[in-house]
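The values are calculated or read from the model by the stated rules, or taken from the named source; none is laboratory data. As the structure is a prediction and not an experimental result, all values here were calculated from the model. Cβ: placed from backbone, ideal geometry, glycine included. Neighbour counts: every protein chain shown.
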Amino acid sequence: MQITRYLRPEVVRLGMINGHLEDIDPEKDPARERERLKEEALNELADLFMNTGQIRNRQKFLHDLVSRERKASTALGGGLAVPHVRSMQPRQFCMVFARSRDGVEFASPDGVPVHIIFGMAAPTYDQRVVNDYLQAYKWIAHCFKEEEWLPAALLQAGDEHEIIAILSGLN
């Protein structure tokens, strides 16, 4: 699968603004603060998903994205997260890419902040997109397992076009 058919420069963000661990308020409950930071990052991703032109209602989509993430973290470890949701809000399968050199809170199983995020959304009512959804997830997991150089290359990329070029060079 070639995921770059879903990625355009306007759905690639190189500097996440929200969700950074240094924004934890030491006066508040650390667990609730981590949850707040994660939701701030998801809110930023919802904005990025809006750039796909495929999301009907941003607030409902954000609610679905947060609800999905509360069930189980989509962080895979090693600085990678793949937040994904099937919802009534996407018109068709869509993807976004975000990067944070500092790392964002995503309740990663290894406790490492997330630096690379691939977001995926698909409509619940269209069974035809399930294959794209599953293939994209499988492709991402495979590439990050097999291509040891990939995380560093994505972190060092200078612009959105370079991110897309790196990803398009993978099989």
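This table checks each residue for (1) over 16 Å from Tyr6 (Cα atoms); (2) within 18 Å of the chain's Cα centre (by Cα); (3) among the polar types (S, T, N, Q).
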| position | (1), (2), (3) |
| --- | --- |
| Tyr125 | yes, no, no |
| Ile140 | no, yes, no |
| Pro151 | yes, yes, no |
| Glu160 | no, yes, no |
| Ile164 | no, yes, no |
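Taking the criterion of being in contact (Cβ under 8 Å) with a residue 40 or more places away in the chain and charged (D, E, K, R), the residues of the stretch 79-121 that qualify are Arg86, Arg99, Arg101, Asp102, Glu105. Looking across the stretch 31-54 at every residue that is touching a strand residue (DSSP E or B) at 6+ places or on another chain (Cβ under 6 Å) and assigned to a helix (DSSP H, G or I), the one that is nearest to Pro9 (Cα to Cα) is identified as Leu48. Of the residues making up the stretch 64-102, just one is under 18 Å from Asp126 (Cα atoms) and among the small types (Gly, Ala, Ser), namely Ser87. Answer yes if at least one residue in the stretch 103-110 is under 21 Å from Arg34 (Cα atoms) and among the polar types (S, T, N, Q), and no otherwise. Scanning the stretch 103-110, I find at least one residue that is under 21 Å from Arg34 (Cα atoms) and among the polar types (S, T, N, Q), so the answer is yes. Residues that are in contact with a strand residue (DSSP E or B) (Cβ under 8 Å, 6 or more places away or on another chain), modelled with pLDDT under 90, of a type in the set (D, E, K, R) and at negative phi do not occur anywhere in the stretch 79-92.
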